[in-house]
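Single-structure report; data block below.
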Amino acid sequence: MSLGRIPSCFNLSFGIQAMSTTQGSIAATKGIPKFEHEPEHLLVLVHGIMSSPSDWTYAKTELTRQLGNKFLIYASSSNTYTKTFGGIDGAGRRLAEEVLTVVQKTKSLRKISFLAHSLGGLFARYAIGLLYSSKSSNELQHNTVTCDRNFGKPSQKFNTDTIAGLEPINFITLATPHLGVRGKKQLPFLLGVPILEKLAPPLAPIFVGRTGRQLFLTDGRPSKPPLLLRMAADYEDKKFISALATFQCRIVYANVSYDHMVGWRTSSIRRESELVQPPRQSLDGYKHIVNVQYCPPVLSERPHFPPEAARAKEAAQTTPTTKTTAKYHDIMEEEMIRGLQSLGWKKVDVSFHSAFWPFLAHNNIHVKSEWLYNAGAGVIAHVANCLKEQESRVSLAANL
């Protein structure tokens, strides 16, 4: 089976563009307010496990200030706290229904973007697979990414595919376990200790329910691919990768270290061999952002669930040992990476090594609360400017 070539990634730099600073925003689908200027771009904020819309208080305020009144910034509230334990698929369905409600109540909307933290990134990936609609018979083009290093040349491709009936623009995740959390320090608080990593998968469902099985890739029958592998492709009637490909810009922000919940590799969608220690110095104007790369799509076969994977999954479920679980994880990780790297990504590495509380990295990255996690303010500023730049490119392309 061909694995395709390892992608070459290009360093990027960003400029700052001014925009107006008034904006209406909401935190629930009930009572969506009237706007003096009707918003046309919906930005959905999706929180992570055991969290709530209040996690986005700082980010929402800052994004509102910077993005202006063309954006409706909406913090999802359909998967609060223990609802996140019921499975990525269940949470994704609730999120999809919530987004549709917002869209139906706000007739002025034309575009849609997602900004998700941690597990919320997987909820969002599942939701867009349900919200995706293709209006053309054209073949899927995995390389339609306009947020690339070629800033002077916005794409002139007119994409007719939609998410919730809207034009997909940005899909951004912060510290999301795209490859799950199984093994090889993907769940850092286990410290890479083999016995702890062996015990974690069977214990996870006790504490975090069905979601735990899905994150450790042990969900479903041995003969069926785990959910996260299915989400790295178009599987049956769900167009997960087609939906992701419709977004003009895809960005992953990943903590290089000090994130006790999500490892660098899984949040940046990289193989171990692709992890290169980034500079320790922050980029100008964006504290704790240490590296930005554009990774072009890598053409390869679609992800598979070969017979040896089914056998390894059964062994991991019934008689788990360090050897059997490692084999299963290695097969699944490679297949997921091949599926997700068939799309182009902008990858942003974040390091809180110089922060006063570096071990709070997982919540710093989205500034869960300003008084304790404000070290991530530079990350939110970087997200805001990425959104502004992409909005400018979309407007420029529309006028060509």
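The values are calculated or read from the model by the stated rules, or taken from the named source; none is laboratory data. Predicted, not measured: the structure shown is a model, and the values here were computed from it. In this analysis, Cβ positions are derived from the backbone assuming ideal geometry, glycine residues included, and neighbour counts consider all displayed protein chains. Please note that ligands, DNA and RNA were not included when accessible areas were found on the heavy atoms of the full protein model with its side chains. Shrake-Rupley method; radii C 1.70, N 1.55, O 1.52, S 1.80 Å.
Heavy-atom surface analysis with a 1.4 Å probe gives region 304-400 a carbon and sulfur content of 61 percent of its accessible area. Looking at region 312-390, the chymotrypsin sites (Phe, Trp or Tyr not before Pro) that sit in a DSSP loop and have at most 16 other Cβ atoms within 10 Å of their own Cβ are PHE356.
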